[in-house]
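Enquirer: Before I ask anything, here is the structure I am working with.
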Amino acid sequence: MRVLPESMEELVHEKTVEILTEVGFCVPEEGALARLKAAGFQVDDAACMVRITPELLERALDTLPRDVRLYDRDGGSPVPYDRHSCFMGGGTPVNVLDLDTGQRRPATHRDVVDLVRLQDALPGVEVVRPTVTATDWGPCSDLVEIAELLRCTAKPGVHRCLSADRVDAAVEMLDAVSGARRSRPSFATLYCPISPGYFTPENVRCMLRWAEHGVPITLLSMAMGGASAPATLLGELVVINADVLAWIVALQILHPGTPLLYGSVSAVLDMRTGLLPLGAPERGMVNAGAARMARHYGIPSMCGGLSSDAKQLDAQADLLRKIMALGKTHGVTPNLHNHTYEVVDNLHDLKGTLARIPDVKLGPDLNWLVRGGVDPVAFIRQYGKQIVFDILGDLYLLPIEGGEAKALTHSIAWEMQARFSPDGKHLAAGLNDGTVRIWSCATGEMVLVLDAGCRLVRDVTFSPSGHLLASAGDNGLVKIWEYMPRAP
């Protein structure tokens, strides 16, 4: 599924190159600065800033391996991320919630072992990572975690060292368990920049040391839209791409042929609370854009998404029952979607709702389906023929069997809350210019524009018969139209 048109991928690349050639990226490590300067980079020693040149970029992309794979311990069964999405455990917090006591406590060596073995047993986890930090081993915990990764699973693994002095020891362990570490690697490391464009001195030394040994490196951006990156998704994507492309160039020039993966677990800041909502749909959107940029450069990607920021599975059942009773009195069937969960005081009711209130109908919002514990793929296959999604404010239509997405809009206005008509022939969406627009699903042609009488249309929906269309504006105004669509 294409979430960015090729022209947009080119735009992100062009703006990234503009940043890296005119502003540069920060390398706060004296030895690395000297090596980059000797290799032809434009270096400002006082500011620790490095700029690339078009020639260096071309050379780096020429030597960048496009066939990076991770294999199991025996060198067989490569992870099939060239065919479909694969999954890896997260990492690496220093605390756990103890399942026996219910108390929060420091993570230990025992927790590392248990969680690696759990991932090894789960068929849906193709790549294993030590999920927590063995705090009882102090500064050398990273070597203990890599050792348990190698001891407790034969699946491919991902981890890192926090000091360059320990990288050689980690490589010795990798060599001891695999005789084909370079040709059929079963391990990759990863390092995260502080956006925009800054790796700590120790991380720089670690990456360069791993590169000397030919170990695959994941450059994992953790940009935060509205904080360490622009609030717009496209602006954040440019920062993510600059974080990654800067070190693609640096590592390929200093160590040509180093296997690299494009990574992003970026997110957006909740401006109202200052929190990091990992369940926000924008997080999935911007990381899907990062995955497209990885394909643009021809390398695999490691991206985060489909997370939840819920603290507990409770809180709204009583209110929903009252809404259902009111709806039944007036002949209205409630239809839930993700906005039901935009509540205060950290009260979220996600998975429990369906079990406790089975009469509530599911809405068409995929984000809500995932949060509600419903398999969206099975749901769509059972009830849908087409998928509509938005990226950067434009709508795209995709057949249920997959393929190339068809762009319905290319406007400056931001389309949102798209809804299919009950017969599946038309698509309606609200815009941030105060209009409701309707398209033919067969032709992609816009067939109707309606004035919703507001600045921003919050939602639109069809009646079950398809003869009525309603809109809700940001000013509280609800409009209902008698809708008689012409033939597509």
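Enquirer: Just for the range 417-432: of the residues that are small (Gly, Ala, Ser) and at pLDDT 80 or above, which one is farthest from residue 475 (Cα to Cα)? First the steps, then the outcome.
Expert: Residues of the range 417-432 that are small (Gly, Ala, Ser), as a first pass: 418, 421, 424, 428-430.
From what's left, at pLDDT 80 or above: 421, 428-430.
Numbers: 421: 25, 428: 20, 429: 17, 430: 14 Å.
It comes out as 421.
Enquirer: Going through 129, 166 one at a time, which residue ends up being under 27 Å from residue 77 (Cβ atoms) and either assigned by TED's automatic domain parsing to the domain that holds residue 210 or basic (Lys, Arg) (or both)? Walk me through how you get there before you give the answer.
Expert: Numbers: 166 fails: under 27 Å from residue 77 (Cβ atoms).
129 is the lone residue from the list that is under 27 Å from residue 77 (Cβ atoms) and either assigned by TED's automatic domain parsing to the domain that holds residue 210 or basic (Lys, Arg) (or both).
Enquirer: Could you list, in sequence order, all residues of the range 284-322 that are modelled with pLDDT under 60, surrounded by fewer than 17 Cβ atoms within 10 Å (Cβ to Cβ) and assigned to a helix (DSSP H, G or I)?
Expert: 317, 318, 319, 321, 322
Enquirer: Kindly indicate the residue of the range 462-488 that is buried (at least 17 other Cβ atoms within 10 Å of the Cβ) and of a type outside the set (A, V, I, L, M, F, W, C) and also modelled with the lowest pLDDT among those meeting that condition.
Expert: Going through the qualifying residues, I end up with 485.
Enquirer: Would you point out the residue of the range 89-124, among those that are closer than 21 Å to residue 150 by Cβ and among the hydroxyl-bearing types (Ser, Thr, Tyr), that is surrounded by the most Cβ atoms within 10 Å (Cβ to Cβ)? Walk me through it before giving the result.
Expert: Initially, the range 89-124 is screened for residues closer than 21 Å to residue 150 by Cβ, giving 89-92, 107-123.
If we keep only those that are among the hydroxyl-bearing types (Ser, Thr, Tyr) too, we end up with 92, 108.
Working: 92: 19, 108: 17.
Here the residue is 92.
Enquirer: Considering the range 436-482 alone, what residues qualify as being among the hydroxyl-bearing types (Ser, Thr, Tyr) and in contact with a Gly (Cβ under 7 Å, 6 or more places away or on another chain)?
Expert: Residues of the range 436-482 among the hydroxyl-bearing types (Ser, Thr, Tyr): 440, 443, 461, 463, 465, 471.
Listed by number, the list holds a single entry, 471.
Enquirer: I've got another one for you. Given the options 167, 204, name the one that is more than 28 Å from the chain's Cα centre (by Cα), crowded, with 21+ Cβ neighbours inside 10 Å, assigned to a helix (DSSP H, G or I) and not small (Gly, Ala, Ser). Outline the logic, then answer.
Expert: Numbers: 204 fails: more than 28 Å from the chain's Cα centre (by Cα).
It is 167.
Enquirer: A further question follows. Looking only at the range 45-60, which residues are surrounded by 13 or more Cβ atoms within 10 Å (Cβ to Cβ) and under 19 Å from residue 22 (Cβ atoms)? I'd like the intermediate steps shown before the answer.
Expert: Our first condition is that a residue be surrounded by 13 or more Cβ atoms within 10 Å (Cβ to Cβ); within the range 45-60, this holds for 48-53, 56-57, 59-60.
Scanning the range 45-60 gives 48, 49, 50, 51, 52, 53, 56, 57, 60.
Enquirer: Which of the helices (runs of 4 or more DSSP H) contained wholly in the range 1-116 include at least 3 residues that are β-branched (Val, Ile, Thr)?
Expert: Details: elements: 6-22, 30-38, 54-63.
The qualifying helices (runs of 4 or more DSSP H) are 6-22.
Enquirer: For the range 109-137, how many residues meet the condition of being under 23 Å from the mean Cα position of the chain (by Cα) and over 21 Å from residue 162 (Cβ atoms)?
Expert: Matching residues across the range 109-137 total 6.
Enquirer: With respect to the numbered conditions (1) surrounded by fewer than 22 Cβ atoms within 10 Å (Cβ to Cβ); (2) closer than 21 Å to residue 275 by Cβ; (3) touching a residue at least 12 places away in the same chain (Cβ under 8 Å); (4) of a type outside the set (Phe, Trp, Tyr), which one is the sole condition not fulfilled by residue 215?
Expert: (2)
The values are calculated or read from the model by the stated rules, or taken from the named source; none is laboratory data. Note that the coordinates shown come from a computational prediction; the quantities given were computed from them, not determined experimentally. Glycine gets a Cβ as well: all are built from the backbone with ideal geometry, and neighbour counts include every protein chain shown.
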